[in-house]
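The values are calculated or read from the model by the stated rules, or taken from the named source; none is laboratory data. Quantities reported herein were computed from a predicted structural model and do not represent experimental measurements. Remember, those area values only see protein heavy atoms, side chains included, never the ligands or the DNA or RNA. Shrake-Rupley method; radii C 1.70, N 1.55, O 1.52, S 1.80 Å.
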Amino acid sequence: MCLRERERERESMEKYYDVVIVGGGIAGLATALGLKRVGIRAMVLERSHELRATGAALSLFPNAWRALDALGVAHKLIPLYSAFTQGYVTDLGSGKVVQFAFSGPQDGEGMGVRPVHRKALLEALAQELPPETILFSSKLASITTKVHQDSSLAVLHMEDGTILNAKVLIGCDGVHSVVAQWLGLKAPIHSGRMAVRGLAVYPQGHGFEHRVQQFVHDALRAGFIPLNSTDVYWFIIYKSCVKGDEAPKDPVLIQKDVLENMAKDFPSTYLDVVQHTDLSTLTLTPLMFRFPLDLIFGPTCKGNVTVAGDAMHPMTPDLGQGGCAALEDAVILSRHIGNSFIKDGGIRSKGIKEALEGYVYERRWRAAGLITGSYLSGWVQQGGSSWLAKFIRDKIFYGLLYKRFFEAVDFDCGKLPAGSTVAEEN
Ligand SMILES: Cc1cc2nc3c(=O)[nH]c(=O)nc-3n(C[C@H](O)[C@H](O)[C@H](O)COP(=O)(O)OP(=O)(O)OC[C@H]3O[C@@H](n4cnc5c(N)ncnc54)[C@H](O)[C@@H]3O)c2cc1C
Ligand SMILES: *[C@@H]1O[C@H](CO)[C@@H](O)[C@H](O)[C@H]1NC(C)=O
Ligand SMILES: *[C@@H]1O[C@H](CO)[C@@H](O)[C@H](O)[C@H]1NC(C)=O
């Protein structure tokens, strides 16, 4: 076979898509669904062979519930998970307990703050997507560009050698995003803290009240959160500079370290929860964030390529806002693309670039604010025994700042415009 034929054969095997989303996590699935709601079909490439629920569970604040409502899935999850009214933070050093209320100032819809299983959230989003939207076992390795029939395309080189071409590329590929790197965003920074997370299962019922329980002790912060009457999500966050790839992976060893070392002086209820862990859910993760100025001034979009979720704004989990912000991104990005699409009646060169720029412009300050707020909150809550950190934590944080925080998570990302070609399904 001569070179030219081989070239032609390769070309004919390449696939062409309008919109490709890399990453089938919260951001990727929510963006695919948002785009579907405005009448645009997107492909989702996910490197794992099934939906990946690393982290077991998460808390969703009113901003996330509004976004899920705009996406049309809030009603599927709300009946399964009750809202919290109260939380407790116990300082194990002094024995002092601070109580805080979990209600936003104008949470009119009453959706409140609710925990969800990650798996349930991902499935609720995925179930609304047209069949075969998600291509599993598809890992993006690198990106180039090419000009094809007068338009510029992103060329996606998959790890297995496949090549896909996309008019629009949205990177929802998490903290270590290949798309963010291609855009030229600076790599995220290690916060010097790690988190262990797991799901404890009590087949006969755990009997805990429906409350968020947190414990702070020196430089540790831990907690547990009932999800429903059988399942309890727990976490512990500690200081460590170990890189992700050097961290232990064996769940048995991680659990042992928590029980016998890190949390050995914790209340027996906490240890009991850790002992009930379903080991398949237990993970250890380094906590990373993007420097806010890198996000504000960095290249968050280029031509028809942008990023959403952790790929755009990785943040420490101290305000529980990473996933919530990813859902906001999905709605706002879909709205910008949808509006340009509806005006244009198709994916057109001019419209799409402007739509992505509009999205980035709308998001970057808010996301940078959440990164900063999360980092400061982590510093205050886990600053250890310095008198200043303690003073701020006890006197200011759980009082005054918490109110400000609830204003920030009361953010309303708005609704989606109705799609012009949405009629196909439902
Ligand atoms: C300890 C901890 C607690 C947290 N608690 C909360 C909370 O209570 N509330 C909250 O809102 N948020 C919380 N978060 C943050 C939240 O987990 C993240 O912000 C959220 O998961 C981001 O979703 P994402 O879709 O952007 O990224 P991810 O969830 O990381 O998903 C990225 C997806 O892309 C895939 N992928 C990656 N690279 C490639 C590639 N090259 N090719 C193909 N696919 C790829 C991955 O397999 C994955 O499925 C917490 C985080 C931590 C660490
Ligand atoms: C709690 O949620 C899990 C995961 O969705 C589910 O398997 C379990 O049956 C639920 N428990 C109850 C009592 O509903
Ligand atoms: C964006 O996509 C459109 C439609 O395919 C294309 O015409 C245009 O060249 C692309 N622009 C860039 C900068 O990639």
| field | Computed accessible area, LYS256, all protein chains, 1.4 angstrom probe, square angstrom | value | 100
| task | Heads up, I need the accessible area for MET43: 1.4 angstrom probe, whole protein in place, Å², nearest 10. | result | 20
| task | Express the carbon and sulfur contribution to the solvent-accessible surface of the chain as a percent, rounded to the nearest whole number, probe 1.4 angstrom. | result | 54
| task | Between ILE225, ILE40, ILE254, find the one with the highest GNM mean-square fluctuation for the chain; connect C-alpha pairs within less than 10 Å. | result | ILE254
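Beyond 34 Å, what percent of the Cα pairs of the chain remain? If you can, show how the numbers build up before the last one.
Numbers: 28373 of 90525 pairs.
For the chain, the share of Cα pairs beyond 34 Å comes to 31 percent.
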| request: Mind listing the long-range amide H neighbours of ALA141? Cut-off is under 5 Å, sequence gap 5 or more, other chains count too, H placed in the peptide plane at 1.01 Å from N. | output: HIS157, MET158, GLU159
| note | Taking the chain and counting helices only, DSSP H stretches of n ≥ 4 at -39,500 (n - 2.57) each over all residues, the nearest-500 ellipticity at 222 nm comes to -10000 deg cm²/dmol
| said: Sort ASP218, ASP257 by heavy-atom solvent-accessible area, probe 1.4 angstrom, most to least. | reply: ASP218, ASP257
| field | Solvent exposure of segment 191-288 as accessible area per residue, Å², 1.4 Å probe | value | 45
| query | Which entries in LYS139/LYS186; LYS146/LYS167; LYS15/LYS146; LYS302/LYS353 show an alpha-carbon gap greater than 18 Å? | reply | LYS139/LYS186
| task | Would you check the accessible area of CYS241, probe 1.4 Å, heavy atoms only, in square angstrom rounded to 10? | result | 110
| message | Rounded to the nearest angstrom and ordered from largest down, what semi-axes does the equivalent ellipsoid of segment 191-288 get from its C-alpha gyration tensor (root of 5λ)? | response | 22, 15, 12
| What list of ³J(HN,Hα) values in whole Hz, one per residue of segment 120-133 in order, does the Karplus curve 6.51 cos²θ - 1.76 cosθ + 1.60 (θ = phi - 60°) give from phi, with Gly and Pro shown as x? | 5, 5, 4, 5, 4, 6, 5, 4, 8, 7, x, x, 6, 6
